[in-house]
Every structure is written in C-alpha cells, then in structure tokens.
1. If I take R0 = 60 Å and measure r between the Cβ atoms of F136 and F357 in this structure, what FRET efficiency does the formula 1/(1 + (r/R0)^6) give, to the nearest 0.05?
2. Quick one: which of 397-404, 333-340, 351-358 comes out on top by average Cβ neighbours within 10 Å, and what's the full order, highest first?
3. What does the charge count near N373 come to, summing +1 for each Lys or Arg and -1 for each Asp or Glu among other residues with Cβ under 14 Å from its Cβ?
4. How much length would be gained if the chain were fully extended between V432 and I452, taking 0.36 nm per residue of separation minus their Cα-Cα distance, in nm to one decimal?
5. Could you work out the relative contact order of the stretch 128-238, using alpha carbon pairs under 8 angstrom and six or more residues apart, expressed as a whole percent?
6. Compute the accessible area per residue over the stretch 367-438, keeping the other protein chains in place, probe 1.4 Å, unit Å².
7. Working out 0.36 nm times the residue gap between S365 and S327, then minus their Cα-Cα distance, what length gain in nm do you get to one decimal?
8. Using 1/(1 + (r/R0)^6) with R0 = 25 angstrom and r between the beta carbons of N424 and L158, what's the FRET efficiency to the nearest 0.05?
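The values are calculated or read from the model by the stated rules, or taken from the named source; none is laboratory data. This one's a predicted model, so the numbers in the text were calculated from it and none came from an experiment. Because the Cβ atoms are built from the backbone with ideal geometry, glycine has one as well, and the counts that use them run over all protein chains shown. Just so you know, the surface numbers come from the protein's heavy atoms only, side chains and all, with ligands and any DNA or RNA stripped out. Shrake-Rupley method; radii C 1.70, N 1.55, O 1.52, S 1.80 Å.
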Amino acid sequence: MGIREFPNGSARGKAATLGMRRSPDVSPRRLSDISPQLRQLKYLVVDEAIKEDLKWSRSVEDLTSASVGLTSIEERILRITGYYGYQPWAASYKRDERSRESPAPAEAQMQAGAEGGGRVSRCCWKCSVTQLKKIFWGVAVVLGVCSSWSGSTQLAKLTFKKFDAPFTLTWFATNWNFLFFPLYYLGHVFKSAEKQSPKQRYRECCRFFGDNGLTLKVFFTKAAPFGVLWTLTNYLYLHAIKKINTTDVSVLFCCNKAFVFLLSWIVLRDRFMGVRIVAAIFAIAGIVMMTYADGFHSHSVIGIALVVGSASMSALYKVLFKLLLGSAKFGEAALFLSVLAVFNVLFVTCIPVILYFTKVEYWSSFAVVPWGNLCGFSILLLTFNILLNFGIAITYPTLISLGIVLSVPVNAVVDHYTSEIVFNSVRVIAIVIIGLGFLLLLLPEEWDVWVIKLLTRLKVRKKEEIPEGNGDIASGLPNKSRRTRPSMSSFAH
C-alpha cells in the first residue's frame, strides 16, 4: 500500500523499493551515493490513502504544499526517501514552533533581565542574611569569650584569698576537659543527619592521630607533650595572678599572639609580614613599660615574668600542634582535649599530692576548700576553651580573638573598684601599645593588597567624576543658547 508501481516500470519500481530498504548502518553520506535510486523516483508517487492518514505529518504537508518553501531539491528527496534518519518534524518543525512561540528579542531581554535581577537580588539577600547571622553570632561569641575569660581571672583572684593552691586549681580545672568529647558528641547527635554511635565516632576521630589510631606510642609522643604545655600555661598564668593585678596579667597574656607569629616565622617558615614584626615590637615594648610602671620591684617583675612565660608556653603549644598534628576538625579537637584530661589524671595527679604533703600548697581540711569557686572557675575556663576552639563554626575567627583583648578593659574596671591599682601614664601607654600590637596581628595576610585596591578604586572614581563634572558644565552652555535661540522649524507649522 505504501508505494504504487506503474505498469510500465515494474522492474524499476522493485529496484527502487529494494534501494530504499537499506539499513541505517549502510545509509549513504552524500546525495551522489544514491543517484541511481534518484533517477527511479519519477516512477513513484505517494499513495493518496497515506496522504489522508498522515495529513498532520509535516513531511507529507511539505510535499504537497508550495507555501512551505523547501530549501532545496535535496531536502525534498530526503523527505521522501527517509535517508540519514531524516525527521523534518524534529528539525524544521521545531524551528518553526520555536519561532512562533519565542517572544520578541526585546521581550526576551526584558524577561531575562527580570529573571537575572531576581536571581541577583535573591543571592544578595541570602548573602546579607548569612553575613548578618555570622556577625550576630560573632557578637555573642565575643561577649562570651570576654566574660568567661575575665570572669575566670577574677574568680581565680578571689579563690586565692581562701585557697592558696594555684597548681591544684590548675589540675582540678584541667580534669574538666574530659567533657569536651561528650559535649561534641551531643552536638553531633542533635545536628548531624547521619548519626553514629559513640564508638564509631571515636574511631573516626582517632584517625587524626594516624592510621593506627590512638596507640600507647602516639599517646606519649603526641599527646603527653601538649599535656605538659597545657598545665604549664595555666599554672604560670594562675601563679602570676597571685603576684600582680589581673589587668596587667590579662594584657600581658595578649602578647602570646606576637610570640606565635615569631615562632611560626622561625619554625614553620610562615610568610614574613612587616606589620606583624611591628606588632611584635609593640608587644615587647609594652612588656618593658609594664615592668617600669611599678618601679622594677621584685614582686611585680616575678609576676610579669610568669605571665610572659605563660604566653610563651601557649604560643609554643599552638606552633607545635600545627607542626606535629596539623589542623584538626571539631571532633578531632574535642577528642584531643579530652585525651589531655586523661593524661592529667594519670600523670599529673601525683604533683598536687606531693605539694600537699610538702606543705607548699596546703589546706587544713577539705571542708575549708571553696568548692563553689573551684567549680565556677573550671566551668568558666571550660566555656572559654569551647568558644575559642569551636566558635569558628558560627562566626569569624577575628571576632573570637577580639574577645580576649576586650577582657583587658573589663578587668581594669573591676580592679579599679576592688583593688588599689594605680593607672599611671606608663601603665596606660603600655596597655594601649600591647592592645594595638594585638590588633595588628589580627590583620589578614593580604591586607596590603586590599588597601592598594581600595585606594586605586577611589582614585579612579575621582578621575571619572572630574571629567563628568566638566562635561556637564560645558554641555550646559550650548543648551542655554539653544533654548534662547528659537528654531525656524517651529514657525513652519
């Protein structure tokens, strides 16, 4: 039914039929390849029944319609023969439909502009909301760091009036570090979509120590040295509080940032930055001036030396951690701090016992011990370390560091009303210099590039504004002359 043969060309019709039944695998690539079959097409016509059945087909319509405007004879032949898998309804018909359905270029540009503007506005809104959330949480973390650090310092000072045992207080507070990993696991259970058992989470975090996990060798080589540095940092800080006022202790401890830079530059080969060298010089000058503020008395010199030693131990802890262990994720850091508590219980417990029996740190009975102050100090110190280590998950690290330097004025206000501190000009200048050095150390590594780009943009804007202003002035004069001089075309009407 599909193809009807004329009586005079039966053989030719059969040959053409066989020619058009080629498989797609051997379909020709050029029109010259099927020239014998093309010469036989004049004996073929499309059956009327097929035309009636396929009247909605674009191929039959294009054959019978002269208004369609076929591009070439080759396209007509290909529509009839079906070579190359030719499907006009998938090519030309779709082009026609697209041309009918596609809007005008101006309308398309307006729609694209509206969609693009909506996307940009949505992205800007999301970015602004995210930044506002980070800033809000940053302010909360800064207040938390400032209040916990200054609160623990003041509470330690108050505790030593009743319980003169700084090393025992250090040992007691360090034991609370054991809560780091359980608190982290609780946060993991509430926040993470894929919840793991404590054992699975522990094994995953143990990979931080190496392929074999937390072995006995790793414990003594990678955890024990940091346990010693942790204990020395806290003990020297607390012992200094007994010697000098809390304002001087808190401001001198801010020098640890400068010590971290110097050690990183020497040991880790970090990038040299002139502004940080200036900050380190400010820190050293502030230490000297702080010593001079009290007249180089032995009591104050010992206290200042203890604080500087504490800041040095803290800097050494951070640099060695980066050198030996690298960077740690939140779970790994929590596990590491809990391991330090285990080390403290196993190997440091003997020292407070020795100090007690040698009456270096002695108390008459356990009923005299101010357990409330000890627990309060431990909780505040634990809160400070949690915010310091995990606060970067919700805000910027720079804002967290600001909480430490902001504890200096808080301690100064408290000391002003609770002690006999004298804020002479030398002490005030020393505090300002150390604080300025601390703030300089918070600058990012590429701050100079940003400043140069900002100054360049400002200069370019000024240069663009000056020609525009001159152009407006120059263009104003001809406009006025045109307004005053009537046009002859207006009178022609």
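1. Numbers: r = 52 Å, r/R0 = 0.87.
Efficiency, rounded to the nearest 0.05: 0.70.
2. Working: 397-404: 19.0, 333-340: 23.0, 351-358: 13.4.
Per-residue mean Cβ counts within 10 Å order the peptides as 333-340, 397-404, 351-358.
3. On the way: positive: K157, K161, K162; negative: D164.
Net local charge, N373 excluded: +2.
4. Values: separation 20, 0.36 × 20 = 7.20 nm, distance 2.73 nm.
Value of the extension gain: 4.5 nm.
5. Values: 23 pairs, mean separation 34.0, N = 111.
Reported relative contact order: 31 percent.
6. Numbers: 3400 Å² over 72 residues.
Each residue of the stretch 367-438 exposes 47 Å² on average to a 1.4 Å probe.
7. On the way: separation 38, 0.36 × 38 = 13.68 nm, distance 4.44 nm.
Answer, rounded to one decimal: 9.2 nm.
8. Values: r = 25 Å, r/R0 = 1.01.
After rounding, the FRET efficiency stands at 0.50.
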